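The values are calculated or read from the model by the stated rules, or taken from the named source; none is laboratory data. All of these numbers come straight from a predicted model, not from anything done at the bench. Note that each Cβ is placed from the backbone with ideal geometry, even for glycine, and that neighbours are counted across all protein chains shown. All accessible areas refer to the heavy atoms of the entire protein, side chains included, with ligands and DNA or RNA removed. Shrake-Rupley method; radii C 1.70, N 1.55, O 1.52, S 1.80 Å.
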Amino acid sequence: MHPDILWAALAFYGLGIALAMPSMAHGRPALNSSALAALGLGLALNSAALVWDALYLHRLPLTNVEAALSFLAFCVAAAFFLIYLRYRITWLGILVLPFAFVLTLAAAITAGPVGGPGALRGLWLTIHVLAMLLGYTGLFLTFVAAVMYLAQSGELKSKRPRALYFSLPPLEVCDRLYDQSLIFGLICLTTGILTGFLWASRDWSGFWEADPKILASVFTWIVYLILGSTRIRGHWGGRRSAYIAIFGFAAMMITFLGVSFLSSQHGYFPTISRTR
Amino acid sequence: MNLILAGINHRTAPVEVREKMNIRESRLATALSDLMRREGILEGIILSTCNRVEVIANAPGLKDPEPAVRGFLADYHRCNLTAYEQHLYWLRQDAVVEHLFRVASSLDSMVVGEPQILGQVKQAFTIAQQAGALRSELREVVNQALVAGRRVRRETAVGTAAISIPYAAVELAKKIFGSLDGKTVFVVGAGKMSELAARHLTSSGAKSIFVSNRTYERALELAALFHGEAVRFDAIFDHLALADIVITSTGAPHFLIHKADVERSLPARKNRPIFFVDIAVPRDVDPAVNELENAFVYDIDDLEQVVDANKKQRAKEAARAEDIVRQEARKTMRRLASRELAPTIVAIEERLNMIREREMARFRGRFGSLTPEQREAVEDLTQAIQNKVLHGPISELKSGAGNPEHRTLVQLIRRVFGVPEPRD
């Protein structure tokens, strides 16, 4: 990773968030152009850092945890722009942008020499990591949509509109964002888990299925699978599926960060050697 | 540039006066050409809506354009203006710019943030443009006012919250359903209010309408009006599963729709939300329905509360809109002022250059024969002196552009350099 470019990206993300805050908090119809410019520059620098590494390594730079964090930050920020262009939800930025900021910050702090430990090589593995990160992005957006849904339906039920009522998107838009991101996230997560299994069964020996991260991932995957199927059949509406999406995301975060420290195979850390 | 504005609006004049001074859209072009025929008036635009009539003119050649505009108004309306004096306001120069920007941004409207005014200003602009009444500065001013108006709509929420009960209902429906396109409205109790609410909903995109009423004939009548379907009063509950928005306004003395009724319809709805607008007093819908997932019930007091909150929200955003308008107006005034400076700077430069060349010619004889290099050196020397002398006054001119006292400064500098006042 190239730490200087990441720090610059971080600075522009921060500046963009500060500039966009009034528009986001007051639910104005659009973000001001200076905020969009700063955020766009942040995103451009973030991708520049990734391209820099990709050129250096001649493959996708997903070799270690800081690279994964930086890529995830890129996905989250890019998703913000896409959703902003599609739905014009300014308030979305309040949850999404700080997440991108924190991810970039974590990536910048941990950034080491390019190439890193180089633990993760091979096509299947690249697809596995890529799909998992895209899946995380999708399901993070489901989480955001769920939070917005709960808040807005709370406002509507209370009949006493406060600031949130004005700035949050309509329930139906939260619903649509929820469904679209859930489907996208679920497809990516499924791809990620399948390729992971494929690769592990080929490259790992021993009882790797008992790896805590794998177990946790499968558990999260099942939660989302159930959620997806009930959504499609229209069984659970609104609040219940919103709570489950929030729970699912929490489980996923624990899987991504917490279990990484417990898992020997998934540690990303060079000190833990892979068994062959 | 010499701008003047004469106007009346909803604050200064009652409707009897406003309708007297109103100029119909079909007659705007004729009125404009009347205005333009007045001596010294270079540009003009007329904004005439039900809440305001404003005539703006640019008459750079006139010391005071007021008599010309006064004459136009009196002749056009064939009346003596003294009767309307107390209602008229007159604005000049920068005040005109700022006022027009506020008008276009809907900050001067009776209902602050109402969306029509921007379109009306744009329409007035188009008409004036077609009539050839906008040629330079005033066109720039109106154009920038439209830019400011659009920016206010985009960057503030001043126009987003509904401030009447029927619109508040529409807005709530939009907060639930997003777009109302293709949504089904169910009117229970065919009264005036429910008809009005249904009309607002259909004009916002709602498609099919069911109407139910205790007297079936009245339901048929209203249904025909909306190309909808009449529903017998005892079949209301069968239709709950099909409706997205239910407007109730019957004269029933007790609740008509209970929690259990709605609960029964929920499985068939597959969790699609349902929105009850209960404008009946006494109420028709049991407030306990609101406790059901995906069911939202608003009675008349709830709607009133929403309207109150919306008004506060608008006022808050209006303060920010004022900032944007002030910013944009100042930007435009500065640009116009610096454009206005160009002839002055050119005139001063020309004047000094003329002096320099005359003196050069006069001294050529005394120098005797100069080599080309020497001649060039003298040219450079005199040019350098001229530039140094001009540097101070010109940067002084440019830096003050847009300030109110700047006009005096320009006149003073012109006089110092012996450059006559321009005739536009």
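At a glance:
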item	result
Residue list for segment B:202-211, filter: in contact with a helix residue (DSSP H, G or I) (Cβ under 6 Å, 6 or more places away or on another chain) and either open to solvent by 10 Å² or more (accessible area, probe 1.4 Å) or within 13 Å of chain A (Cβ to nearest Cβ) (or both)	B:204, B:210
Only one of B:91, B:81 that is surrounded by fewer than 21 Cβ atoms within 10 Å (Cβ to Cβ) and at pLDDT 90 or above	B:91
Residues located in segment B:147-159, provided they are crowded, with 18+ Cβ neighbours inside 10 Å and either without any contact (Cβ under 8 Å) to a residue 24 or more places away in the chain or in a helix (DSSP H, G or I) (or both)	B:148, B:149, B:151, B:152, B:153, B:155
Breaking point among (1) over 30 Å from residue B:238 (Cβ atoms); (2) buried (at least 23 other Cβ atoms within 10 Å of the Cβ); (3) modelled with pLDDT of 90 or more, for residue B:173	(1)
The one condition in (1) within 12 Å of chain A (Cβ to nearest Cβ); (2) outside any helix (DSSP H, G or I); (3) buried (at least 21 other Cβ atoms within 10 Å of the Cβ); (4) in contact (Cβ under 8 Å) with a residue 24 or more places away in the chain that residue B:297 fails to fulfil	(4)
Positions within segment B:103-121 being open to solvent by 30 Å² or more (accessible area, probe 1.4 Å) and in contact with a helix residue (DSSP H, G or I) (Cβ under 6 Å, 6 or more places away or on another chain), in sequence order	B:112
Candidates A:130, A:182 - the one that is away from every other protein chain (no Cβ under 14 Å), farther than 27 Å from residue A:30 by Cα and not aromatic (Phe, Trp, Tyr)	A:130
Positions within segment A:111-136 being of a type in the set (Ser, Thr, Tyr) and either modelled with pLDDT under 85 or outside any helix (DSSP H, G or I) (or both), in sequence order	A:126
Verdict on residue A:158 being modelled with pLDDT under 90, open to solvent by 20 Å² or more (accessible area, probe 1.4 Å) and within 14 Å of another protein chain (Cβ to nearest Cβ)	yes
Failed item in (1) open to solvent by less than 40 Å² (accessible area, probe 1.4 Å); (2) closer than 30 Å to residue B:419 by Cβ, with residue B:367 passing the rest	(1)
Exclusive hit being of a type in the set (Gly, Ala, Ser), more than 20 Å from residue A:247 (Cα to Cα), within 14 Å of another protein chain (Cβ to nearest Cβ) and open to solvent by less than 40 Å² (accessible area, probe 1.4 Å), set A:167, A:153	A:167
Members of segment B:304-329 found to be in contact with an Asp or Glu (Cβ under 9 Å, 6 or more places away or on another chain) and either modelled with pLDDT of 90 or more or among the aliphatic types (A, V, I, L, M) (or both), listed by number	B:306, B:321, B:324, B:325, B:326, B:329
Matching residues in segment A:159-186 - criterion: being within 24 Å of the chain's Cα centre (by Cα) and of a type in the set (Lys, Arg)	A:176
Helices (runs of 4 or more DSSP H) contained entirely in segment B:179-271, each with at least 3 residues that are more than 41 Å from the chain's Cα centre (by Cα)	B:216-225, B:236-239, B:259-269
Considering residues of segment B:315-336 that are open to solvent by 20 Å² or more (accessible area, probe 1.4 Å) and within 10 Å of another protein chain (Cβ to nearest Cβ) only, the residue farthest from residue B:92 (Cα to Cα)	B:316
Selection from segment A:37-93 of residues that are of a type in the set (Val, Ile, Thr), open to solvent by less than 30 Å² (accessible area, probe 1.4 Å) and part of a helix (DSSP H, G or I)	A:76, A:83
Subset tally (residues that are open to solvent by 10 Å² or more (accessible area, probe 1.4 Å), part of a helix (DSSP H, G or I) and at pLDDT 80 or above) for segment A:9-36	13
So residue B:141, is it open to solvent by less than 10 Å² (accessible area, probe 1.4 Å) and more than 9 Å from chain A (Cβ to nearest Cβ)	yes
Which listed residue, of B:381, B:303, B:341, is in a helix (DSSP H, G or I), open to solvent by less than 20 Å² (accessible area, probe 1.4 Å) and more than 14 Å from chain A (Cβ to nearest Cβ)	B:341
Which listed residue is within 14 Å of chain A (Cβ to nearest Cβ), touching a helix residue (DSSP H, G or I) at 6+ places or on another chain (Cβ under 6 Å) and modelled with pLDDT under 85, from B:161, B:190	B:161
Members of segment A:54-70 that are of a type outside the set (D, E, K, R) and under 18 Å from the mean Cα position of the chain (by Cα)	A:60, A:61, A:62, A:63, A:64, A:65, A:67, A:68, A:69, A:70
Answer residue from segment B:229-258, given it is within 14 Å of chain A (Cβ to nearest Cβ) and buried (at least 17 other Cβ atoms within 10 Å of the Cβ) and is farthest from residue A:242 (Cα to Cα) among those	B:245
Single residue of B:260, B:173, B:241 found to be closer than 28 Å to residue A:170 by Cα and touching a residue at least 40 places away in the same chain (Cβ under 8 Å)	B:173
Any hit, segment A:101-110, residues being β-branched (Val, Ile, Thr), open to solvent by 40 Å² or more (accessible area, probe 1.4 Å), modelled with pLDDT under 90 and in the same structural domain as residue A:46 (by TED's automatic domain parsing)	yes
Single residue of segment B:344-364 satisfying the filter (open to solvent by 70 Å² or more (accessible area, probe 1.4 Å), out of contact with any Phe, Trp or Tyr (no Cβ under 9 Å at 6 or more places or on another chain) and of a type outside the set (A, V, I, L, M, F, W, C)) that is nearest to residue B:397 (Cα to Cα)	B:349
Boolean, residue B:262 is among the hydrophobic types (A, V, I, L, M, F, W, C), facing chain A (nearest Cβ under 10 Å) and crowded, with 16+ Cβ neighbours inside 10 Å	no
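One line per residue, one yes/no per condition, for (1) in contact with a strand residue (DSSP E or B) (Cβ under 6 Å, 6 or more places away or on another chain); (2) among the aromatic types (Phe, Trp, Tyr); (3) at pLDDT 90 or above:
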{"residue": "A:143", "(1), (2), (3)": "no, yes, yes"}
{"residue": "A:148", "(1), (2), (3)": "no, no, yes"}
{"residue": "A:198", "(1), (2), (3)": "no, no, no"}
{"residue": "A:206", "(1), (2), (3)": "no, no, no"}
{"residue": "A:218", "(1), (2), (3)": "no, no, no"}
{"residue": "A:221", "(1), (2), (3)": "no, yes, no"}
{"residue": "A:244", "(1), (2), (3)": "no, no, no"}
{"residue": "A:248", "(1), (2), (3)": "no, no, no"}
{"residue": "A:255", "(1), (2), (3)": "no, no, no"}
